[in-house]
Amino acid sequence: MPSENDSSAPVLNHPAPDNSALSNPVTDRTVSEKVGSVADFELGAMKMVKVGGRRLLVAKTESGIHAVDNACPHQGYGLTTGQLDGGVVTCQWHNWKFNVNDGVCTRGEEDVASHPITIKGDEVWVSITEPTDEERRAGLWPSLRRGIEADYRGQIARDVTRLLDAGATPEDIVWSGVQVGAPKADYGVGHELPAAADCLSMVGMFEGLDRALPLTHALAGIAEETRDRPAYEPDAAQPGDFQVAVETENRTQAVGALRASLQAGATSDEIASELITAVSRHHLGYGHSLIYTQKACELLDRVGWDRADDLLPHLVTSIVWGTREDTLPYMSKAIRLIDAALVDEMAKAPDRRDTGWADTDWLVATLLDAAEAPIQEAVDAVVDGAGVEGLLDAVSLAVSTRMLRYDTSLEAAKERNFAWLDISHGLTYARAARWAWRIDPGPAAARLALFTVFLCFDTGRQERRTGVIDVAERRLSDTGDLATAVINRDPAAAVEIARDGDIDDIGEQLKHLSLSDAAGSFIVAAHLVKMAKASHEEAVELGSNLPLMATARLAAAPRRERFVSSAVTEAINFIRTGAPPIR
């Protein structure tokens, strides 16, 4: 993608701004001032003038005398320091170009505001009418959409900030991005959806215009992941059996059935229950389908379920076409046990808070040390007093432990199809299963809890090959600041700070860190955002800092970001041998 500072950036084709409202005098919002006489303005020349304290560029061209803002909308550089060629002014800062007669940007990203000129005898008058917040928002929404479609982060950031200043809600701002991105997801929604949902949930940590940070992160992820992709028009509503359609991978019928349910007035809980049941039939996409379902529903809880028809058809695509991991050989033993499990009995089991369950440490050790996925042990623990949530507690603690003892040298092992992000799914998947259980505490959610047991087991695949390695990381500094430890790539310090800090304080710090460009690629940034939120929620749930320590180590430790070399290694091995990657 060309940089927004690149003069070769493509021209955005968009209509001229509608300045008709500015031509009508609105006395309480309009300032008109004389800026000189006609003779003061030479053909082909520009002058900087002030009207109501605002700097304007006034230029005379073959078509007359015109006025636009002097500040370039990109970064505020004065346009009068640039060049006027015919009717086009060039900003010297980054070579953006504007028509002075109407403010339209002909090279760059955004128009500059233009203002009407009135000639009174020999006098030149300029009128500035400040638009209402409603008028500002009306002009900014299409500009923001163009920025998202073109993946111009600078334009996205500026428009988000201006929209907040004009009174737009964070929910509407994020939704504007979802409307652009969701239809463009080739195989349904991707990591951009949960990242956007979690970024929106972090808005409350900021005030005023500072809220632009999480909102811009949300939209930038959508822009990066969906730029230039073709859009999918969802199939029409058609009553039918949603579960059968998903199971037979019939997207047309699945989307039609879901849309028909929405149009018939199904409640948010009813829709969520249908989705939870659908994703519980298979271990889909290494846990992604459940995580996406959770985040789609949480997003709709924020923006309103009246918008569900614009998002959920694309989520359904992810579910229908998600990889059914349980059909692969590596999961054959575990899925037989899961299919045979008495999930009805699990669903009836009392909660661990009611039973006084006290064997969490034993269950965590079982999850970590088992030679095969301990499905039956998990079922027994649930019915013996742990309940489904007690099982999920143990899964969260076990996965956090794996993250704290992960051998980061594997990040440089190009031949291994396993890394930080794979392990992190164990925690975010457990969090999603807890969400599912609380939405619809029944057999489907109990089955999902067993899938988290398998994923917890699978995140230990490298440990079972090499044994548990004592990572013995040495502190590189004496800093007591988590952000400094992360910036300095000091995982030992980061873990100690997270261990000793207040749960909510460390959770908030990790969320801020996830928004601080601590990752160089979107996929890693998205996982940091998801982990920051999930680990904070799980830490509060468990009364343990362990999930926060795991996320702090992920943020500070060495990690692979781009995966190009590993993809090449995998491709060469496949072309040479015809064998699939080693799991």
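The values are calculated or read from the model by the stated rules, or taken from the named source; none is laboratory data. No experiment lies behind these values; they were computed from the predicted model shown. Methodologically, a virtual Cβ is constructed for each residue, glycine included, from the backbone with ideal geometry; neighbour enumeration extends over all protein chains shown.
Details
- For segment 160-172, taking the residues that are crowded, with 17+ Cβ neighbours inside 10 Å and without any contact (Cβ under 8 Å) to a residue 40 or more places away in the chain, the one that is farthest from residue 219 (Cα to Cα) is identified as 166.
- For residue 195, the requirement of being under 17 Å from residue 145 (Cβ atoms), in contact with a Gly (Cβ under 9 Å, 6 or more places away or on another chain) and in a helix (DSSP H, G or I) is not met.
- Scanning segment 179-213 for residues that are of a type in the set (A, V, I, L, M) and within 21 Å of residue 136 (Cα to Cα) yields 180, 209, 212, 213.
- With respect to the stated conditions, residue 413 is surrounded by 14 or more Cβ atoms within 10 Å (Cβ to Cβ) and within 34 Å of the chain's Cα centre (by Cα).
- Residue in segment 270-292 that is closer than 28 Å to residue 529 by Cβ, touching a Cys at 6+ places or on another chain (Cβ under 7 Å) and either modelled with pLDDT of 95 or more or small (Gly, Ala, Ser) (or both) present: yes
- Residue within segment 127-143 that is under 27 Å from residue 43 (Cβ atoms) and touching a strand residue (DSSP E or B) at 6+ places or on another chain (Cβ under 6 Å) present: yes
- Restricting attention to segment 305-350, the residues that are acidic (Asp, Glu) and more than 33 Å from the chain's Cα centre (by Cα) total 3.
- Matching option when the condition is touching a His at 6+ places or on another chain (Cβ under 8 Å) and of a type in the set (A, V, I, L, M), among 271, 335: 335
- Residue in segment 233-246 that is closer than 17 Å to residue 147 by Cβ and without any contact (Cβ under 8 Å) to a residue 24 or more places away in the chain present: no
- Helices (runs of 4 or more DSSP H) within segment 464-583 that include 2 or more residues over 23 Å from residue 364 (Cβ atoms), among the charged types (D, E, K, R) and modelled with pLDDT under 95: 564-577
- Complete set of residues in segment 165-192 that are in a loop (DSSP other than H, G, I, E, B), farther than 22 Å from residue 428 by Cβ and among the hydroxyl-bearing types (Ser, Thr, Tyr): 169
- Checked against the criterion of being free of Cβ contacts under 8 Å to residues at least 60 places away in the same chain, part of a helix (DSSP H, G or I) and surrounded by 16 or more Cβ atoms within 10 Å (Cβ to Cβ), the candidates 364, 320 yield just one match: 364.
- Exactly one residue among 305, 357 is of a type in the set (Phe, Trp, Tyr) and closer than 30 Å to residue 183 by Cβ, and that residue is 305.
- Condition met for residue 123 (assigned by TED's automatic domain parsing to the domain that holds residue 177 and surrounded by fewer than 20 Cβ atoms within 10 Å (Cβ to Cβ)): no
- Residues in segment 367-402 that are small (Gly, Ala, Ser) and more than 21 Å from residue 540 (Cβ to Cβ) were compared, and the one that is surrounded by the most Cβ atoms within 10 Å (Cβ to Cβ) is 378.
- Of the residues screened, residue 368 is not one that is of a type in the set (A, V, I, L, M, F, W, C) and under 28 Å from the mean Cα position of the chain (by Cα).
- Taken over segment 340-361, the residue count meeting the criterion of being part of a helix (DSSP H, G or I) and buried (at least 20 other Cβ atoms within 10 Å of the Cβ) is 4.
- Only one entry of 58, 51, 100 meets the criterion of being touching a Leu at 6+ places or on another chain (Cβ under 9 Å), buried (at least 18 other Cβ atoms within 10 Å of the Cβ) and either within 29 Å of residue 151 (Cβ to Cβ) or among the aliphatic types (A, V, I, L, M) (or both), and that entry is 100.
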